[in-house]
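**Student:** Take this structure first; my questions come after.
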Amino acid sequence: MTDPYVSVRKNVSWHNHHENVRRTLARHIKIGNEKPGTATMSGMRSTAARLQGIIAEAVAAGVRLRVAGSRWSYSDINVADACWLIETDQLGYMFFLKESDMNPLSATKAEELILAQCGTKISRLNEVLETPQRGRALRTTGASNGQTIAGVLGTGVHGSALSFGAMENQVAGLQLLSAGRNLWIERASDPVTSDEFAAKLGAELVRDDLLFSAALVGLGALGLVHAVLYRTAPRYLLNSILRHIPYAQARGALTSMDFTNCGLPDALRQPYFFQGIIDPNKPDMVYATVRYQEDCPSSYPPKYDLPTASEPGTDLPKLVGKALKLFPDLRNLAVSTLIGSELKERSDKKEDWATPGETYTFTTAREGVASSGFAMPAAQVDRALGIMRAAFAQHDAAAVVFTCRFAQKSAGLLSFVRYDPCCIIDIDGIDTPEARKLIALTADRFDAAGLDYTMHWGKMNAITAARIQRGYGGHIARWNQARALLLPAKAERDAFSTPFLDGLGLNG
């Protein structure tokens, strides 16, 4: 009998949001909730059962099973040729908890939490949280809001709040599905929900610090994340100020987050966000964006209607693509166009203050854009940028810029934001062979120099088994240990893996 909430197509040509990854799927599976506009726990249980049925069928067939939300990743981590791929972007239920749902030992209040189904986009989460009535916000977010909540965990989206870690640091609990198990996982050291809450989801309650830490960045290999419980903050406002600062003056901010003498408008105030963009062909100037945080008036009505790709919250790869597509063969002119049109100096204006959801909004795809991310201790940034400039000299036709963003160490075993404090240096630009060679050469040069670093799972990268062993150390063995506990049958571990993950030693 045909299930009206599941559609299946065979031998489908598939591409990601940014159109740089293309694969042929054995099966393309789309799944919806029974009543899309009415979030109910019975609906959650029904959808979970459907997903578990698909997982069981894939395991029995001996095929790879992957999951995609908004297909946002620049890497192919969430897909493989000839796999079955479940698209979950229609699974957008959200729930606010009651005090009766809370564990009596938890200091967290019900009003701080929101439970979101796996296909919920960050944009939608912002809209629901940031109303005057609810008055809440995410503590950090990616530079754009198109990702789904399960996708940001699957790849460890890093955010860029100076005093907070990656997006996984907001997670209080999550629901994980395999063929035979429906689990609600929390930390044993930080129980949040009541013993009865998991039963509402039809789930088995598991409180275990190892399993929780592994599942925070699961790479789609521990099972299917069906729901995530996020801790939120009182909503706040951010501004955006852009300054052109000589590199020598900005060095303290880039390497130690010392903002006292770096040319910013408030030398004594810790920013919420700091970003430095550097043209490797003119490395003596830093195009620095700083955001400060203020309380949000209770009556403030957010508007999510930014009209162009050049608002201050827009993620840089699209800005680069906008300028570079005009001049794909003229590297210097293209980057100059970007700087002249998108990176003009900008002062603080009262009307520029906005909620996180208003600040980080633009989501339109841009084909032909490259983006990679290297995370490292902030103290290494000066040395790393010197190495990157030398690598760029060998590929100076690459139309790219270097971008430095900052976050605190994050909780997941495989969170690539693993340094304290952490700088994420992106290579952003137009997707050409020269840009890809530069990304690979940068990793080689970092290895040769003995730098500590990891790479963004969801962006273009040069990840190898040797590099993740060096970057994550004993966390790899602990993650594989947790995986064996969650998926004890080898056939199911194989189903939730890919040739890429196999080659990294993440399918033990």
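The values are calculated or read from the model by the stated rules, or taken from the named source; none is laboratory data. Predicted model, so just to flag it, every value in this text is computed and none were measured. Quick reminder, even Gly has a Cβ in these numbers, built from the backbone with ideal geometry, and neighbours come from all protein chains shown. The area values use the complete protein model at the heavy-atom level, side chains included, leaving out ligands, DNA and RNA. Shrake-Rupley method; radii C 1.70, N 1.55, O 1.52, S 1.80 Å.
**Student:** Within segment 449-492, which residues are buried (at least 18 other Cβ atoms within 10 Å of the Cβ), closer than 30 Å to ALA56 by Cα and of a type in the set (A, V, I, L, M, F, W, C)?
**Tutor:** Once the filter is applied, which keeps residues that are buried (at least 18 other Cβ atoms within 10 Å of the Cβ), closer than 30 Å to ALA56 by Cα and of a type in the set (A, V, I, L, M, F, W, C), segment 449-492 yields TRP457, ILE476, TRP479, ALA482, LEU486, LEU487.
**Student:** Hey, another quick one. Go through segment 493-508 and give me each residue that's assigned to a helix (DSSP H, G or I) and either open to solvent by 20 Å² or more (accessible area, probe 1.4 Å) or in contact with a helix residue (DSSP H, G or I) (Cβ under 9 Å, 6 or more places away or on another chain) (or both).
**Tutor:** Of everything in segment 493-508, those that are assigned to a helix (DSSP H, G or I) and either open to solvent by 20 Å² or more (accessible area, probe 1.4 Å) or in contact with a helix residue (DSSP H, G or I) (Cβ under 9 Å, 6 or more places away or on another chain) (or both) turn out to be ARG493, ASP494, ALA495, PRO499, PHE500, ASP502, GLY503.
**Student:** Moving on to the next point. What tally of residues in segment 104-118 results from selecting those that are open to solvent by 10 Å² or more (accessible area, probe 1.4 Å) and of a type in the set (Val, Ile, Thr)? Give the derivation first.
**Tutor:** As a first pass, look at segment 104-118 and keep what is open to solvent by 10 Å² or more (accessible area, probe 1.4 Å): 104-109, 111-112.
If we keep only those that are of a type in the set (Val, Ile, Thr) as well, we get 108.
So the count comes out to 1.
**Student:** Quick one: which of GLN117, GLN147 is within 28 Å of PHE197 (Cα to Cα), within 13 Å of the chain's Cα centre (by Cα) and not hydrophobic (A, V, I, L, M, F, W, C)?
**Tutor:** Numbers: GLN117 fails: within 13 Å of the chain's Cα centre (by Cα).
Only one candidate qualifies: GLN147.
**Student:** Next question. Within segment 4-21, which residues are on the phi < 0 side of the Ramachandran plot and open to solvent by 50 Å² or more (accessible area, probe 1.4 Å)?
**Tutor:** Filtering segment 4-21 for residues on the phi < 0 side of the Ramachandran plot gives 4-10, 12-18, 20-21.
Correct list: PRO4, TYR5, SER7, VAL8, ARG9, LYS10, SER13, HIS15.
**Student:** A further question on this structure: In this structure, is LEU268 part of a strand (DSSP E or B) and surrounded by fewer than 21 Cβ atoms within 10 Å (Cβ to Cβ)?
**Tutor:** no
**Student:** Still on this model: Within segment 432-448, which residues are in contact with a helix residue (DSSP H, G or I) (Cβ under 7 Å, 6 or more places away or on another chain) and open to solvent by 10 Å² or more (accessible area, probe 1.4 Å)?
**Tutor:** Selection gives LEU441, ARG445.
**Student:** Okay, moving on. Across segment 88-100, which residue is least open to solvent (accessible area, probe 1.4 Å) among those that are within 30 Å of ILE54 (Cα to Cα), of a type outside the set (Ser, Thr, Tyr) and touching a helix residue (DSSP H, G or I) at 6+ places or on another chain (Cβ under 9 Å)?
**Tutor:** Filtering segment 88-100 for residues within 30 Å of ILE54 (Cα to Cα) gives 88-97.
Keeping just the survivors that are of a type outside the set (Ser, Thr, Tyr) gives 89-92, 94-97.
Of the ones still in play, those that are also touching a helix residue (DSSP H, G or I) at 6+ places or on another chain (Cβ under 9 Å) are 91-92, 94-97.
On the way: LEU91: 0, GLY92: 36, MET94: 39, PHE95: 30, PHE96: 74, LEU97: 19 Å².
Ranking the candidates gives LEU91 first.
**Student:** Which condition number in (1) in contact with a strand residue (DSSP E or B) (Cβ under 7 Å, 6 or more places away or on another chain); (2) among the small types (Gly, Ala, Ser); (3) closer than 20 Å to GLY412 by Cα; (4) open to solvent by less than 20 Å² (accessible area, probe 1.4 Å) is the one that ALA233 fails?
**Tutor:** Checking ALA233 against (1) in contact with a strand residue (DSSP E or B) (Cβ under 7 Å, 6 or more places away or on another chain); (2) among the small types (Gly, Ala, Ser); (3) closer than 20 Å to GLY412 by Cα; (4) open to solvent by less than 20 Å² (accessible area, probe 1.4 Å), the one that fails is (3).
**Student:** Further, regarding this structure: Among what's in segment 401-431 and is among the charged types (D, E, K, R) and open to solvent by 10 Å² or more (accessible area, probe 1.4 Å), pick the residue that is modelled with the lowest pLDDT.
**Tutor:** Filtering segment 401-431 down to residues among the charged types (D, E, K, R) leaves 405, 409, 418, 420, 426, 428, 431.
Still in the list and also open to solvent by 10 Å² or more (accessible area, probe 1.4 Å): 405, 409, 418, 420, 431.
Numbers: ARG405: 94, LYS409: 94, ARG418: 95, ASP420: 90, ASP431: 84.
Among residues in segment 401-431 that are among the charged types (D, E, K, R) and open to solvent by 10 Å² or more (accessible area, probe 1.4 Å), the one modelled with the lowest pLDDT is ASP431.
**Student:** Name every residue in segment 202-227 that is surrounded by fewer than 22 Cβ atoms within 10 Å (Cβ to Cβ) and in a loop (DSSP other than H, G, I, E, B), in order of residue number.
**Tutor:** Of everything in segment 202-227, those that are surrounded by fewer than 22 Cβ atoms within 10 Å (Cβ to Cβ) and in a loop (DSSP other than H, G, I, E, B) turn out to be GLY202, ASP208.
**Student:** Can you tell me which of (1) open to solvent by less than 60 Å² (accessible area, probe 1.4 Å); (2) closer than 18 Å to VAL8 by Cβ is the one GLY62 doesn't meet?
**Tutor:** That leaves (1) as the condition not met.
**Student:** Would you mention how many residues in segment 22-39 are open to solvent by 10 Å² or more (accessible area, probe 1.4 Å) and in contact (Cβ under 8 Å) with a residue 24 or more places away in the chain? Show your work before the answer.
**Tutor:** Here is the first cut: in segment 22-39, the ones open to solvent by 10 Å² or more (accessible area, probe 1.4 Å) are 22-24, 26-28, 30, 32, 34-39.
From what is left, the residues that are in contact (Cβ under 8 Å) with a residue 24 or more places away in the chain are 23-24, 26-28, 30, 32, 34, 36, 39.
Total satisfying the criteria: 10.
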